[in-house]
Amino acid sequence: MNTFIAGQHYFENNLKRIMEGGKECEVSFDRLCALTRINILAGLCSAEHGWLGASFSCVELLAAIFTRYVKTPLISLDKRDSLVISKGHAVLTQYALLSGMGAFPVERMQDYKSLNGLPGHCDRSVPGVDTDSGSLGLGLSKGIGISLMHHANGTSHRCFVLIGDGELQEGQLFEAFLTLKRHGLTGCIPIIDRNGLQSDSATADIKDSDDWAAVFRGIGLDVISFDGHRCSEIFSALDAAYNATRPTVLIANTIKGGGSSYTAMSRATARRKGIWHGRIPDGGEYLEITGELVKGAGNSALMADFKAWKENSKNDIRKRAHSRDTSREMHVPGESRHDHQKEANIAAPTAQTVVPNSERSDISATVVISTGEGFTRALESLVNRFPGFVVLNADLEKSCRLSGFAAANPGRFFEVGISEQDMASIANGIGLAGGVGIVNTYASFYKRCVDQVFSCAAEGVPAIFAGHYAGLDYFTDGKSHQSLNDVAIMRAVPGLDVFEPLSPDDADVLLETLLERMFFDLKAGRRSRPAYVRLHRTPASYPAFMPEPIGQGGPRIFPARSPKMDKSRGMICAVSPHGLEIALDGQQRLAAEGFDMDVAGFSAYVAPPDSFIRQLECSSIVVSIESHLTTGGLADILGASCARPILRMGAKELSGSVRTLADSYSRHGFNVGTLCAIVREKVG
């Protein structure tokens, strides 16, 4: 979408007046905040992805910090005050202010989340950003570390840490608050962005305290509460905390989406009805919101620029105003489910051969739903058959497509909030009491609770850990959210089974198979093996002859067209829906060039049967494809079982945000072109 940018020269005069103080300070501050929101909106709408509500909520807070304390963000952190944004999805506010201060061109805002553009979350590669942000709850501990070093070096610099109120559900923060009190670190100043909402719901509807000020005072910290959108109150609170003799927590009462009458959301917003968490304005809405903000910036030249921009962009605006791309908006899954014959025994993997179809001409004949949605649909259909399972979620209900299940089964759905460690151990307790907890969060966030998963496996307690949004096809939000090493981590947990369904039907079958086995174990009074199920958000394309799913997780064999079996025949081993898609496409293209390649599709991370290993040993080349780093996953399993070298194709490194799936795959060479090049080089 074509967007309007407020030039850096519009920021300059306002910044100067604010830093100088005086009677014009408050007016200039409000204008600076309007300019900041204009450019935040430009970044969001250029990317057609991001978090408007969280970014608008903290504009005044960050504007005050940058204009009063962090005035020179490009010099070394050990020589100045600093800022840690723990709620990293609000990073566009930081980017907008830094670019307005001249840290980098404001035009870069329009490259937000593009390949080699501004990352989706806080990242030190951007000039003026002091630290990356990871999953929620990490920032205060980083701020304490920075303050400890300032104290050790005899400097009085302060570190401000911006924390979301929903983020207070993360347990690490309370360890940090106690550390702050114990060491009397006045140099670390936590600021709670208290807008009363998280994602699309009130924090009170998820998990909240009745009185956070009382909680912090109970720890032994001083507390100052204030209006987080009023200039005078913000500066007064910041100054008081800056000069305090005891550690002080600032509670800024804010409005999610604040600063625009169109996007401001009440704390009384009904459950799941907060639309401006991740929604992107359409063309008409964008014009209305930006027009309101331009007026608030109080500059006639800016108004003229905006008017001229509207005239030049009217065709694009008209198109955007009448068509919304909903492909990136979360939705509630339907209730339909295919009925398949189930396999109950998952202990011993076997190979299943698919007879080649002489009529196949397009390996992308059928487009299906994602494995994540297939898993969720299975939950909905199995709820009556298995009354003993409970679904747990960590504030990602819509992303994990659990809203339908939650609405239909409120007694079987538990929203735990932003608390992955808590959630994993709750599942452990459910298993001890005779049930099965089905845990749902992003695959990346399981790094926070590996010890809790380990405990569950060590006890032999049944539980299912569903890792949503795994692999390279989750490309918009960067290295803090993209999970490329979860298989390696989970495979290192003794007693844990690890699966990655190849299709939505695979996910369906796997879930039923796991539940059958786990409830059988419970009934028999014996130990059980918990499971990690790696799920993808993006559908893949499958051939029309895709076989019925099997529960064992052993490889499916897609033979080469040629019936001959000789040393020139190779093997492509693929895991993940998208890896299989690439493998089958490559098989067809390579056949046209005279290379005969069998394809094996894996859905379980277990050693393959001996018969398959013998086939690998006879292959001229063995290539593994996985939507994961090339260590710790399928290639390592094959390499441990087979004497032949395994050529690895997968993620090259942890990477930043991109706007398209094609850009993500191109960055890592995760495509059929790379596969064919590997085979040509080694066999040709």
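Results, tabulated for the structure shown:
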{"read-out": "Arg217, Arg491, Arg272, ranked by accessible area, largest first (probe 1.4 Å)", "value": "Arg217, Arg491, Arg272"}
{"read-out": "Inter-label distance, nm, simple model (7 Å from Cα along the C-beta direction), Ala204/Glu681", "value": "6.1 nm"}
{"read-out": "Centre separation in Å (Cα based) which lies between the range 209-235 and the range 494-527", "value": "47 Å"}
{"read-out": "Solvent-accessible heavy-atom area per residue, rounded to whole Å², over the range 567-684 at 1.4 Å", "value": "36 Å²"}
{"read-out": "Label-point separation, Ile275 to Ala458 (7 Å along Cα→Cβ), nm", "value": "4.9 nm"}
{"read-out": "Tyr262-Arg526 FRET efficiency (beta carbon distance; Förster radius 51 Å; 0.05 resolution)", "value": "0.30"}
{"read-out": "Correct option for semi-axes √(5λ) of the Cα gyration tensor in Å [calculated from the coordinates] among [x] 35, 31, 30; [y] 53, 27, 23; [z] 47, 29, 23", "value": "[z]"}
{"read-out": "Carbon/sulfur fraction of accessible area - the chain, other protein chains in place, 1.4 Å, %", "value": "51 percent"}
{"read-out": "Two-site FRET efficiency, Asp78 against Val27, from Cβ-Cβ distance with R₀ of 25 Å, rounded to 0.05", "value": "0.10"}
{"read-out": "Gyration tensor verdict on the range 234-308 (Cα atoms; rounded if a/c is under 1.5, prolate if a/b is larger than b/c, oblate otherwise)", "value": "oblate"}
{"read-out": "Average accessible area per residue (Å²) across the range 9-116 - probe 1.4 Å, nucleic acids and ligands excluded", "value": "30 Å²"}
{"read-out": "Rounded if a/c under 1.5, otherwise prolate or oblate - the range 76-175, Cα gyration tensor axes", "value": "oblate"}
{"read-out": "The range 234-316 - accessible surface per residue (Å², probe 1.4 Å)", "value": "46 Å²"}
{"read-out": "Translational diffusion coefficient (Stokes-Einstein; Kirkwood radius from C-alpha pairs) of the range 563-647 at 10 °C, 1.306 mPa s, in µm²/s", "value": "123 µm²/s"}
{"read-out": "Helix-only mean residue ellipticity at 222 nm for the chain, each DSSP H run of n ≥ 4 adding -39500 (n - 2.57), per residue, nearest 500", "value": "-12000 deg cm²/dmol"}
{"read-out": "Two-site label geometry, Ala591 and Glu107: point separation in nm, points 7 Å out along Cα→Cβ", "value": "5.0 nm"}
{"read-out": "Cβ-Cβ FRET estimate between Glu48 and Lys310, R0 fixed at 22 Å, reported to 0.05", "value": "0.70"}
{"read-out": "Gyration tensor (alpha-carbon) shape descriptor, the range 1-145, a/c threshold 1.5", "value": "oblate"}
{"read-out": "The range 1-88: trypsin sites (Lys or Arg not before Pro) in DSSP coil with no more than 11 other Cβ atoms inside 10 Å", "value": "Lys23"}
{"read-out": "Extension gain from Ser125 to Ala301, taking 0.36 nm per residue of separation minus the Cα-Cα distance", "value": "60.0 nm"}
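The values are calculated or read from the model by the stated rules, or taken from the named source; none is laboratory data. Values in this document were obtained by computation on a predicted structure and should not be read as measured data. Don't worry about glycine lacking a Cβ; one is built from the backbone with ideal geometry, like all the others, and counts go over all protein chains shown. Keep in mind that these areas ignore ligands, DNA and RNA; they rest on the heavy atoms of the full protein, side chains included. Shrake-Rupley method; radii C 1.70, N 1.55, O 1.52, S 1.80 Å.
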